Structure formats: C-alpha cells, structure tokens
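To keep things clear, I will list the structure first and then write my remarks on it.
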Amino acid sequence: MTHNKLLSSSQSITNSPQVMGILNVTPDSFSDGGKFVTFDKALAQVEKMIHDGADIIDIGGESTRPGAIDVSEEDELVRVIPLLKAIKSNFDIKVSIDTSKAEVMSQAIAYSADIINDVRALQNEGCLAVLAQSDVPVCLMHMQGLPRSMQVNPKYNDVIGDIKQFFIERIKICENAGIKRNRIILDPGFGFGKTLEQNYQLLAQLNQFNDLGLPLLSGTSRKSMIGNLLARNVDERLAGSLTTAIIAAQQNATIIRVHDIKETVDALKVLSMTAKYQ
Ligand code: 7PJ
C-alpha cells in the first residue's frame, strides 16, 4: 500500500511518516515570506533541514497563499531550477518541486527532481503529458477554486466524499494519460478552499482516504486553520502544527509537509515509540 520508492528504511521499521521540509523561494510565501529568497540562504536552509532530519525538501517558486497573484513561468524557473541543481549536486536528499506549470515540471524532472508536487493535481495544460514521459512520483492535491478566491465561500455536499471523488477522477485521468497509479500520492489540500470546520473534519477523518490504497501527504504546518482556531500569529503556531502532524501520522499519513523539521521529527519519534506497542 505504501509507495516503495518513498519508503526509507527507518520508516519500514517504525512506520513513521517521512518529513517533507518546506523551502519557499517566493517573496510572499505563507509563513516564511521572503526569508529565503537569496540562493545562498536557501542552500543554507536546506543544509539545516537535512541536519534536522528532513527526508524530502519541497521547493516552491509560486505562492499559493489565499489571494496570491500569478507568477510567470520565467520567474518560477529562475527561482527553482538553479536551486534544484545545486541541492542535487551538494546533498543526498530527495527533492520535491511544488509547481503547476508543465515547463517547470519538465525541467525539474530533467534535473533529477524526485517528486512533482502539484496543488492543481496536473489539471494545467501539458502537465499530464510531461509526467507521462517520466517515472517520477506525483502528488495530486485537492483545491476548491483558485488561490485568488478559494477562501471566499467554500462549499461541499460532503467534504470527505467530494474530495475522494475528485481523487478517483484524477487517478483515472492520470492512468489514461499513462501515469501509473503506483506513482501517485494524494493530498486533501488543507486550507485550499476549505472552512475551518472542513479542515478539521478532514484532519480528523484523514484515514477515510486510506481505502484508495495510495500514500497520503498532509500539509497543515502554520496554516490559518491553526492560526484562526488559536488566535496565533504565524510565528506562534508550532504547538498547533505539531498536534496536527501527530493526528495525521496516527491515520497513516505517509508524508508530513512542515516548516519546523526538528520539532516534527521529535514528535513523530515519540509517537512511533508508542505505536509499536499498540
Ligand atoms: C501545500 C502544498 C499542501 C501540498 C502549499 C503553505 C501553502 N503542497 N503547497 N500540500 N501547501 N502537497 O505551505 O502554507 O498542503 S503552499
């Protein structure tokens, strides 16, 4: 059921999820906005994330925060590709590229990206074809609407059922395009067109997606679902973020996408120490 290519040896013993460290290289990212925009700073941050125990580094060159404006292909390529090359030649770490653009995906794959992470689930033009020509794993995320307006009035008949239906359709479309099912990772897309209540229902019932038989990625780190519930600023969301990571891990999440690597790795180690006695 879990994705062989994504399994580390420690995971097969403890069944602990892999930790994906977030490296935003946009000037206006969600919670580390502008901090890592320069190349050397980004590389130093990668080194720290590896030291702290990250299994995967997720590089994002497009901001998808609510209300964000579009980024050009040229800007995204310049932000992401040189960094990917430098990481791959200096470190032994898996790299995921957070993009929705076919050309960025294509170049990322050419420069040895290990995962393509698409918040638009390969719905943009040319993306399916690019992925079909490779064997790189791909994360399909659910989003209702588009970043500019997605938080205005999200509506579902049944949040779990609707998202599951979306996954089933996207998996079928991927398979028809030549992307094998065993390359696909699913992500319900916390904060992407969901109310606070819908986000927490999704988190509480994440295991409802396990019957699709694919790895699940959970990304709640520092998001508004934590900030709004607790009335905390972005730099005060660590406890909330760790709690959501544990709740996801308890329901078989395969990858946890976070800003705070060291703390998340510690929390997951504590969880896995008890999990083995259950
Ligand atoms: C997610 C993402 C997420 C996946 C972002 C942020 C917003 N990719 N990219 N899942 N969120 N797969 O980090 O707060 O939840 S950008």
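Where only DSSP H runs of four or more residues are counted, the chain gives -12500 deg cm²/dmol as its mean residue ellipticity at 222 nm, each run worth -39500 (n - 2.57).
Could you tell me the relative contact order of the stretch 41-155? Use alpha-carbon pairs under 8 Å, at least six residues apart, and round to a whole percent.
On the way: 167 pairs, mean separation 28.2, N = 115.
This gives 24 percent for the stretch 41-155.
For the chain, what is the convex hull (Cα atoms) projected area averaged across all directions, in square nanometres? Provide the component values of the computation, followed by the final result.
Values: hull surface 53.2 nm².
With the hull built on Cα positions only, its mean projection is 13.3 nm².
Only Cα pairs under 8 Å and 6+ residues apart enter the sum, and on that basis the relative contact order of the stretch 3-275 stands at 20 percent. The charge dipole of the stretch 69-123, taken about its Cα centre with unit charges on the Cβ atoms of Lys, Arg (+1), Asp and Glu (-1) only, comes to about 220 debye. Screening the chain for whole DSSP H helices of 15 Å or more along their axis (Cα) with average Kyte-Doolittle hydropathy at least 0.0 returns 159-177, 238-249, 261-275. Dipole of the chain computed with +1 at Lys/Arg Cβ and -1 at Asp/Glu Cβ about the Cα centre; of Thr38, Pro154, Asn124, farthest Cα towards the positive end is Pro154.
With +1 on each Lys and Arg Cβ and -1 on each Asp and Glu Cβ, and nothing else charged, work out how big the dipole of the chain is about its Cα centre, in Debye to the nearest 20.
Working: 28 positive and 32 negative charges, 105 e Å.
In total the dipole reaches around 500 debye.
So, with a 1.4 angstrom probe, what is the percent of accessible area on the stretch 3-275 that is carbon and sulfur? All intermediate terms of the calculation are to be shown ahead of the outcome.
Numbers: 5880 of 11900 Å².
Exposed carbon and sulfur together represent 49 percent of the surface.
Computed from the Cβ-Cβ distance with R0 of 41 Å, the FRET efficiency linking Asn153 to Asn176 stands at 0.80. Distance between the C-alpha centres of the stretch 175-222 and the stretch 35-113: 22 Å, rounded to the whole angstrom. Computed over the chain with a Gaussian network model linking Cα atoms closer than 10 Å, the most mobile of Gln133, Gln250, Gln198 is Gln133. Residues whose amide H lies under 5 Å from that of Ile185, counting only those 5 or more places away or on a different chain, are Val138, Cys139, Leu140; hydrogens are built 1.01 Å from N in the peptide plane. Could you report the chain's accessible area per residue, 1.4 Å probe, as an integer in Å²? So the chain comes to 45 Å² accessible per residue, rounded to a whole number.
Counting only C-alpha contacts under 8 Å and six or more residues apart, can you give the relative contact order of the stretch 218-278 as a whole percent? Could you put the intermediate results ahead of the total?
On the way: 52 pairs, mean separation 21.9, N = 61.
Rounded, it is 36 percent for the stretch 218-278.
Around the Cα centre of the stretch 131-193, unit charges on the Cβ atoms of Lys, Arg, Asp and Glu (plus for the first two, minus for the last two) sum to a dipole of about 60 debye. Across the cross-link table entries Lys94/Lys269; Lys180/Lys223; Lys94/Lys262; Lys88/Lys180; Lys41/Lys85, which are compared at the Cα atoms, the separations over 22 Å belong to Lys180/Lys223; Lys88/Lys180.
For Asn252, no residue 5 or more places off, or on another chain, has a built amide H under 5 Å of its own.
The values are calculated or read from the model by the stated rules, or taken from the named source; none is laboratory data. It should be emphasised that the depicted structure is a prediction, and the values quoted were computed from it without experimental measurement. With ideal geometry, Cβ positions are generated from the backbone for all residues, glycine too; neighbour counts draw on all protein chains shown. SASA here: full protein model, heavy atoms, side chains in, ligands and nucleic acids out. Shrake-Rupley method; radii C 1.70, N 1.55, O 1.52, S 1.80 Å.
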